[in-house]
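Read the figures in this text as sums done on the coordinates, not as results from a lab. Quantities reported herein were computed from a predicted structural model and do not represent experimental measurements. Here the Cβ positions follow ideal geometry from the backbone for every residue, glycine too, while neighbour counts run over all protein chains shown.
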Amino acid sequence: MKRSAAALGATEIEVLRHLGEHHPQSVGEVADHFAQTSGQARTTILTIMERLRKKGYLTRKSVKGVYRYAPKVSSHDLLRGLVKTFVDQTLGGSVSPFVAYLSDNGSVSEDDLEQLKKLVRDLEQQRKGIRE
């Protein structure tokens with residue numbers, strides 16, 4: 001898969017996330033979902049899915065004469081790559097602006113806050129392991 005996550009549009013990411021949770025699926029199945037949730041036309045979804053396949057994000061396999069699409073990487077790995085690209089390209093490699101945004105916004109749930117604390121503890125443990 002090409003690592004050009006910055007080249008992904010919002011709808012492409014939505015399609016990838018949907019297929020990450022519901023795969024393999026045909027264009028028709030994905031189009032039905034997006035017609036109901038966002039009003040996207042079948043031709044638009046077909047174009048997006050083929051673009052994602054050509055970019056290396058989706059695989060396509062013919063099953064009984066119908067192409068079924070699946071992501072090449074897990075949703076977790078996809079999101080991790082998107083976050084890395086965002087941090088590297090948009091935030092200049094620093095997560096401080098993102099943390100400041102979370103602090104200013106105040107919309108972090110208790111569960112998310114606990115997960116963030118655990119991640120910080122894990123990072124501290126990793127750093128201690130590197131220094132020793």
Under the Karplus curve 6.51 cos²θ - 1.76 cosθ + 1.60, θ = phi - 60°, whole-Hz ³J(HN,Hα) for the range 102-117, x wherever Gly or Pro sits: 4, 5, 5, 5, x, 9, 7, 6, 4, 4, 5, 4, 5, 5, 5, 4
Point-charge dipole on Cβ atoms (K/R +1, D/E -1) for the range 18-132, about Cα centre, debye to 20: 800
Positive-end residue, the chain charge dipole about Cα centroid, Cβ charges, pick of Leu91, Phe34, Leu19: Leu19
Centre separation in Å (Cα based) which lies between the range 23-67 and the range 70-90: 20
Partner lysines for Lys117 [C-alpha distance under 27 Å; skip if fewer than 8 residues away on the same chain]: Lys84, Lys128
From the coordinates shown, percent of Cα pairs over 22 Å apart corresponds to which of [x] 32; [y] 37; [z] 52: [z]
Hits among lysines - C-alpha to C-alpha of Lys72 under 16 Å, sequence gap 8 or more where chains match: Lys2, Lys54, Lys55, Lys61
